[in-house]
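Computed from the coordinates by the stated procedures, all read-outs in this text should not be read as laboratory data. This is a predicted model, so every value here is computed, not measured. Backbone-built Cβ (ideal geometry, glycine too); neighbour counts: all protein chains shown.
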Amino acid sequence: MKKVLLIGLSVLFLGILFLMLGTGRETPGDFRIAGGSFIDDLRITQKKSGSTIWTLTASKAQFMGDENRAELQDISMELQKNGVVLHASKGIYNLSDRSFTTDSIVKADAKNYTITADSVDYEISSGKIRTDGRITVEGKGFKVEGKGMKADSAQRVEILNDVKATFNK
């Protein structure tokens, strides 16, 4: 008789415990499975007054976190106004503030020169480009190397440290 009473009370207490813990409460936290969206063969074009300002292409864009940032692979960015094409193996494009960042080597080809940099931070809306790493600018008859660079939309370029320039005839 004692065993039956003890088992009955145990079942009753467990039932009450489950009812108290389970009613009216939601499970804390967000248990969504982070799937991650992606796009193959991405092309973004920025136009102003009907003319193209820049075009960004990538073989793949993997959206991250809040989906305001996309990790890009095999990137090419053409700045039509300046006649410059940037190439990088990977980088991040921020959709909300329209900026582009890469920690991989970037090569920029223009009509009369080539720029190679360790990384680039490009604020597209203002046209400002910055890098803290090594940079090389080569053109017909000259080569400039240094560490760190700032450039603006007026095409003013400033190499910040350890500048070495070589001019050939």
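Quick look at the values:
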| quantity | calculated |
| --- | --- |
| Order of F142, F100, F63 - criterion: other Cβ atoms within 10 Å of each residue's Cβ, fewest first | F142, F63, F100 |
| Set of lysines with alpha-carbon distance to K143 below 30 Å, sequence-local pairs under 8 removed | K81, K90, K107, K111, K128, K164, K169 |
| Debye-sum result for region 38-167 in log10 I(q)/I(0), which assumes one identical scatterer on each alpha carbon, at q = 0.10, 0.15, 0.17, 0.22 Å⁻¹ | -0.32, -0.71, -0.89, -1.39 |
| Taking all pairs of distinct alpha-carbon atoms in region 120-169, Kirkwood radius in angstrom | 11.5 |
| Linear extension gain, D109 paired with T136, 0.36 nm per residue minus alpha-carbon span | 8.5 nm |
